[in-house]
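Novice: The structure that follows is given in the form of structure tokens.
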Amino acid sequence: MIPHRVSTLPLVAGLAAACLWSLAALKALPAGQWVLPFSGPQDLSPAQILFAFGLMPRAVIALLIGALLGLSGALMQAVLRNPLADPTTLGVASGAQLALVCATLLWPQMLALGPGPVALAGGGLAALVVMALGARRGFAPVTVTIAGMLVGMLASAISTALTLGQGHYLLSLVLWNGGALSQDSWHGVARLAVVLLFGAAGAALLLRPLLVLSLGGAMAKALGAQVGAIRVAALALAVFLSGMVSAEVGLVGFVGLAAPALARRLGARSVAQVLLAAPLAGALLLALVDSGLMALAALGLPELPTGALTGLLGGPLLIALLPRLRNIVPPDAERNDSFSARARHPWQRVAMLVGATVVMALLSLFGTRGPDGWSVISGAIATTFLPLRATAILAAAAAGALLALSGAALQRVTANPMAAPEVLGVTGGAALGYAATLFAVPAPSPLALAIGSSCGAVATLFLLSAYAARSDMAPARLLLAGLAIGAFASALLAAIMASGDPRAWTLLGWLAGSTTRVTLAGAVALSLLAVVALMAALLFARWFDILPLGAGIARGLGMPLGTARLAVIMAAGLATGAASVLVGPVSFVGLMAPHIARGLGLLRPAPFLAASWCLGALLMSLAAFGARTASYPYDLPLGLFATLVGTPWLFLALLGRRHA
């Protein structure tokens, strides 16, 4: 039973959505001229045609999409016993996006039967990868959610890289990513109505098995339930529902996360109650958001895609739901239990890394790819291009070194080997600071952009640290909170880019990550900052030896704990912001480099920090070379290529964390 004190909330939300929709409809057509959708278009005025075949199907399809995503999220959460599961957090929506982009750009004949089968294949493959990763940790909610968000990030990066590599369809990709619900007929409504009926029937058949599964996997097996078959059937149905939504309107983020949470807030407790209430909550939520956007557009404000706004729900919701994991996540499920043997001669390995970095930089500087294949740049063309290329490589290597050093410092401070500027949302904060400066300051200088980015990164780290200290979060949950901040930043930036503002294209180019606009002075300044940061880290290496031992031991050894943590947070934030402003928020170098250094047995703070610094420069030099040559004659953005390299490493890191 839904408590009486909140039972009026759906009615209020529905009335609010209806009022907002009426405002937009009245702006388009006076109420006295409203017509039914089965009226013949030949008898209607253009305004009536827009109303009958544009506004009305849009209002209905918003209800259908909200219901489908709400049901999909409820199914995923029920079968995984994970309140953070939904098509967005598990990467299903991004997998469908990638499949549709690949089909459009590379194999158009695959779309002969429509986008539905292609989207289902992509979403299903993404779900399969996430489940394979999650199975190694007993489907622990945090691990499954982290794996899903990483799969989504990789899929989004690949689809964007493919689009930019082809040099076409950039505008259509941005708009499709926004999840616009605009309609020009009732065909989409009819298709999704059939899908919803199928989903409701499937959920009804799965209700009893899901009730048994809610008792826990061991208990369900003891009662004779086929746990694997139940999981496969429920997840297949959830993927089908969300995939059909993606095929119809694009990405509509986090409704599947919000709807079950809202249903529980309204009093739904059992599996049956959540499965029944979540579609209603999703329909009302999306109708309210879409009606509000149409009403704002009717008042003269820019019209934003609905999916871009619902994406803003994800970060705050994920953070709000994290405390609920205390009672359902076994402590062992979040412990990192992989160790490396310590190297006997660590500085010899650091010296080898320095040599490898120099070799990679020279290869990136002189190696090239042209119409005749691979070659070494020489002759008159070298005089023109080598200075420009050297500047770009210097900036990329310095940015990689700063990000890697920041990641190494954060991992030591938090005692969390999965911490990094990109994963903890620091680069997302830097991106928001960059965007705020770009829109708030007329013609901002590079220095102003650097200050804005650094302030955004530092503010993100402070907020995350304060929240973690207040909530006593385990390392894996801290990681998930960082991913939530990154998801919120990405959604906000997507909304900005979908607004059509000319400055959004500048932001898009920077977000992709590129060294083409870096000046020699900027590259030299960034390099000097990287060297100074390394020297400072080595000078205070003792801090990084003591901090992982805990607050009590650190204070007992006379360490100024508050000052040390504040200094590390400030330094990591400033370094991340400085690196990001020149080459964009490049991804996962700050996580990969420390992991590789640790895998080489460099466990003591000084060689660990130095090796991470070298590896960051090495990896970014490799990314710069690959971004320039992988899709000749087009240059891939540096940040996107780094993401393509970095995300598989994250998967390997997750796979290496065996089930406890």
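Novice: So what's the gap between the Cα centers of the range 60-136 and the range 263-316, to the nearest angstrom?
Specialist: 19 Å
Novice: Between the range 401-447 and the range 183-209, how far is it from one alpha carbon centroid to the other, in angstrom?
Specialist: 42 Å
Novice: The range 364-623: percent of C-alpha pairs farther apart than 33 Å? Could you put the intermediate results ahead of the total?
Specialist: Values: 7306 of 33670 pairs.
Percent of Cα pairs beyond 33 Å in the range 364-623: 22.
Novice: Ok, one more. Sort W107, W613, W510 so the one with the fewest other Cβ atoms within 10 Å of its own Cβ comes first. List each step's numbers first, then the result.
Specialist: Values: W107 10, W613 30, W510 24.
So the ranking, lowest neighbour count to highest, is W107, W510, W613.
Novice: Right, something else. Among V426, V583, V358, V274, which comes first, second and so on when ranked by fewest other beta-carbon atoms within 10 Å?
Specialist: The most exposed by this proxy come first: V358, V274, V583, V426.
Novice: Principal axes first, then extents: for the Cα atoms of the range 421-467, list largest minus smallest coordinate on each axis, whole Å, largest first.
Specialist: Each principal axis gives a Cα extent; for the range 421-467 these are 34, 17, 15 Å.
Novice: Further question: Going by how many other Cβ atoms sit within 10 Å of their own, how do D501, D43 line up, fewest first?
Specialist: Values: D501 14, D43 9.
Ranking D501, D43 by Cβ neighbours within 10 Å, fewest first, gives D43, D501.
Novice: Once you list every other residue whose beta carbon is under 9 Å from the beta carbon of F439, what net charge do they have if Lys and Arg are +1 and Asp and Glu are -1?
Specialist: Net charge in that neighbourhood comes out at 0.
Novice: Then there is this: How do the peptides 484-491, 242-249 rank, highest first, by the average count of neighbouring beta carbon atoms within 10 Å per residue?
Specialist: In decreasing order of mean packing, 484-491, 242-249 become 242-249, 484-491.
Novice: As an exercise, find the ratio Rg/Rh for the range 547-631 from alpha-carbon atoms, using the Kirkwood inverse-distance average for Rh.
Specialist: Here the Rg-to-Rh quotient is 1.08.
The numbers here are math on the coordinates, done by the rules we state, and not lab data. The structure presented is a predicted model; accordingly, all values stated were derived computationally and were not measured. Glycine gets a Cβ as well: all are built from the backbone with ideal geometry, and neighbour counts include every protein chain shown.
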